[in-house]
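Colleague: Below you'll find the structure I mean.
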Amino acid sequence: MVTINIDKYWSELREQATAIIKREPGLASLCNETVLERSSFAECIAYRTTRKLANHAASVDVLHATFLEAFASDPDILRQIACDMQAVCDRDPACLDVLTPLLYFKGFQALVCYRVAHFLWRYDRREFALYLQSLVAETFAVDIHPAAKIACGILLDHATGFVAGETTVIEKDVSILHEVTLGGTGKDRGDRHPKVRSGVLLGAGAKILGNVEIGTCAKVGAGSVVLKDVPAYTSVAGVPAEIIGKTSDVSPALGMCHEIEE
């Protein structure tokens, strides 16, 4: 269970929305509709993400109701979302406050949608989960299978082209850049996708293929192709990726330094 104060985040969102309206009156409609006219953190999150999907969806009302149902049935989803929101604020220097990822960052928005799709998958609503996955792929260019297991504190930075297959596991406090693939190899079924342990940093364009493990606090260089296990606290790079050295950061995901140490 993630320990986080949802009321604190809800208060901050409302304060920041009010401040934005004062600075940029032209965004009053966006801030009012998304935040200030909503009744709760859950309603706010559901409203913003389902409206982003609306251009591709058959019914935004059905999506909205489904998101709220998921949040009410499993309150831990909202705590995971708040944890992801904080991860963006802590690790992305382009993020000004907790409202910024909700309004503008598609990596965060795609993760919100994944968490609802994963809820649906767990409760055997698999057709709707796959439908939501397809909407997210069309809207955000992010393709996460709803059966994938993703912990909280995830930064999905820029996000375009990110792919995570069905049996992918991503533990907490991981940072992932755009065009990363967590994919399978061959056509065998079963457990066939990567396992990314906590504290890992995956550089832009990294391709990690097969049921391989990226050890705790490891770092994968941009553009690398990983086909075998990566030990904990290790930096790898290249095609195919090879061990370059040990990571200098206690947690590369938190430090966000993409230099590969030898």
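The values are calculated or read from the model by the stated rules, or taken from the named source; none is laboratory data. These numbers were taken from a predicted model, which means no experiment stands behind them. All Cβ positions, glycine included, derive from the backbone under ideal geometry; neighbour counts span all protein chains shown.
Colleague: Report whether or not residue 175 is in contact (Cβ under 8 Å) with a residue 60 or more places away in the chain, polar (S, T, N, Q) and not assigned by TED's automatic domain parsing to the domain that holds residue 85. Break it down stepwise before answering.
Modeller: On the way: in contact (Cβ under 8 Å) with a residue 60 or more places away in the chain: yes; polar (S, T, N, Q): yes; not assigned by TED's automatic domain parsing to the domain that holds residue 85: yes.
Taking the combined requirement at face value, the residue satisfies it.
Colleague: For residue 4, work out the one condition from (1) assigned to a helix (DSSP H, G or I); (2) touching a residue at least 12 places away in the same chain (Cβ under 8 Å); (3) surrounded by 14 or more Cβ atoms within 10 Å (Cβ to Cβ) it doesn't fulfil.
Modeller: Going through the list (1) assigned to a helix (DSSP H, G or I); (2) touching a residue at least 12 places away in the same chain (Cβ under 8 Å); (3) surrounded by 14 or more Cβ atoms within 10 Å (Cβ to Cβ), residue 4 breaks only (1).
Colleague: If you don't mind, another one. Return the residues of the range 123-162 that are closer than 19 Å to residue 92 by Cβ and of a type in the set (Phe, Trp, Tyr); say none if nothing qualifies.
Modeller: Residues satisfying the conditions are 140, 162.
Colleague: Looking only at the range 116-136, count how many residues are touching a strand residue (DSSP E or B) at 6+ places or on another chain (Cβ under 8 Å) and more than 18 Å from residue 81 (Cβ to Cβ). Write out each step before concluding.
Modeller: Here is the first cut: in the range 116-136, the residues touching a strand residue (DSSP E or B) at 6+ places or on another chain (Cβ under 8 Å) are 117-118, 133, 136.
Filter once more, so that each one left must be more than 18 Å from residue 81 (Cβ to Cβ): none.
Result for the range 116-136: 0.
Colleague: Something else about it: Residue by residue through the range 240-252, note down the ones that are surrounded by 20 or more Cβ atoms within 10 Å (Cβ to Cβ) and either at pLDDT below 90 or out of contact with any Gly (no Cβ under 8 Å at 6 or more places or on another chain) (or both).
Modeller: First, pick out the residues of the range 240-252 that are surrounded by 20 or more Cβ atoms within 10 Å (Cβ to Cβ): 241, 247, 252.
Scanning the range 240-252 gives a single hit, 247.
Colleague: Scan the range 122-131 and give yes if some residue there is surrounded by fewer than 17 Cβ atoms within 10 Å (Cβ to Cβ), closer than 23 Å to residue 70 by Cα and among the hydrophobic types (A, V, I, L, M, F, W, C), otherwise no.
Modeller: yes
Colleague: Tell me the residue from 147, 159 that is of a type in the set (A, V, I, L, M, F, W, C), within 25 Å of residue 217 (Cβ to Cβ) and in a loop (DSSP other than H, G, I, E, B), please. Walk me through it before giving the result.
Modeller: Numbers: 147 fails: within 25 Å of residue 217 (Cβ to Cβ).
That would be 159, the only listed residue that is of a type in the set (A, V, I, L, M, F, W, C), within 25 Å of residue 217 (Cβ to Cβ) and in a loop (DSSP other than H, G, I, E, B).
Colleague: Could you list, in sequence order, all residues of the range 183-210 that are touching a Gly at 6+ places or on another chain (Cβ under 6 Å), within 20 Å of residue 107 (Cβ to Cβ) and assigned to a strand (DSSP E or B)?
Modeller: Within the range 183-210, just 183 meets the criteria.
Colleague: Out of the range 108-163, which residues are under 11 Å from the mean Cα position of the chain (by Cα), within 17 Å of residue 53 (Cα to Cα) and in contact (Cβ under 8 Å) with a residue 60 or more places away in the chain?
Modeller: Hits for the range 108-163 are 109, 112, 113.
Colleague: Can you find even one residue in the range 220-239 that is crowded, with 19+ Cβ neighbours inside 10 Å, among the hydroxyl-bearing types (Ser, Thr, Tyr) and under 21 Å from residue 142 (Cα atoms)?
Modeller: There is at least one residue in the range 220-239 that is crowded, with 19+ Cβ neighbours inside 10 Å, among the hydroxyl-bearing types (Ser, Thr, Tyr) and under 21 Å from residue 142 (Cα atoms).
Colleague: Tell me which residues, restricted to the range 16-41, are closer than 16 Å to residue 101 by Cα and either among the basic types (Lys, Arg) or loosely packed, with under 13 Cβ neighbours inside 10 Å (or both).
Modeller: none
Colleague: Also, I was wondering about something else. Can you find even one residue in the range 83-97 that is of a type outside the set (Gly, Ala, Ser), under 20 Å from residue 120 (Cβ atoms), surrounded by 15 or more Cβ atoms within 10 Å (Cβ to Cβ) and under 16 Å from the mean Cα position of the chain (by Cα)? Walk me through it before giving the result.
Modeller: Quick first cut of the range 83-97, residues of a type outside the set (Gly, Ala, Ser) only: 83-86, 88-93, 95-97.
Then keep just the ones that are under 20 Å from residue 120 (Cβ atoms); that gives 84.
Checking which are surrounded by 15 or more Cβ atoms within 10 Å (Cβ to Cβ) leaves us with 84.
In the following step, the residues that additionally are under 16 Å from the mean Cα position of the chain (by Cα) were identified as 84.
Checked the range 83-97: at least one residue is of a type outside the set (Gly, Ala, Ser), under 20 Å from residue 120 (Cβ atoms), surrounded by 15 or more Cβ atoms within 10 Å (Cβ to Cβ) and under 16 Å from the mean Cα position of the chain (by Cα).
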